[in-house]
Amino acid sequence: MTNIIKFPNRKTQSVGSVQDRSTNRFNVIAKSVFNGVIHFIWITTVLTWPIFKWVLSLDILLQMLRMIYHWNTPGVYVGWNFLLHFSTLAAITYYVSIYKPKEI
């Protein structure tokens, strides 16, 4: 038997309107600007990470000592404040360690 190769049907495509092309161009430019901003933020964070990590770690130490001191004080929510600072350090550590933009 022979192999039959079916060619796809060639349909004529209508030319897109000027508004569609300008919207597409705007989307490409917006995506390019967004990617540039993400690259800038990522590179800046990675380059300053050794110093930034120490600053955040000292901040968390101070927040922990403050949390221990004010633990039973009513109306002071230092536990949540400590949790917020600690989760920020964990998120930035994840961002620097795991995430890498595609074009880099």
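Considering Ile68, Ile60, Ile29, which residue is open to solvent by less than 80 Å² (accessible area, probe 1.4 Å), among the hydrophobic types (A, V, I, L, M, F, W, C) and out of contact with any Pro (no Cβ under 9 Å at 6 or more places or on another chain)?
Going through Ile68, Ile60, Ile29 in turn, the sole match is Ile60.
Rundown of residues vs (1) of a type in the set (A, V, I, L, M); (2) over 22 Å from Tyr99 (Cβ atoms), yes/no style:
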residue: Phe52; (1), (2): no, no
residue: Leu62; (1), (2): yes, yes
residue: Tyr69; (1), (2): no, yes
residue: Gly79; (1), (2): no, yes
residue: Leu84; (1), (2): yes, no
task: Determine which member of the set Lys53, Lys6 is open to solvent by 100 Å² or more (accessible area, probe 1.4 Å) and either modelled with pLDDT of 90 or more or out of contact with any Lys or Arg (no Cβ under 6 Å at 6 or more places or on another chain) (or both).
output: Lys6
- prompt: Name the pairs: first residue in region 74-102 and open to solvent by less than 60 Å² (accessible area, probe 1.4 Å), second residue acidic (Asp, Glu), Cβ to Cβ under 7 Å, at least 6 apart or on different chains?
  reply: His85/Asp59
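The values are calculated or read from the model by the stated rules, or taken from the named source; none is laboratory data. Model, not experiment: these values are computed from the prediction. FYI the Cβ positions are ideal-geometry reconstructions off the backbone, even for glycines, and counts take in every protein chain you see. Side chains are part of the model used for accessible areas, which takes the heavy atoms of the whole protein and leaves out ligands, DNA and RNA. Shrake-Rupley method; radii C 1.70, N 1.55, O 1.52, S 1.80 Å.
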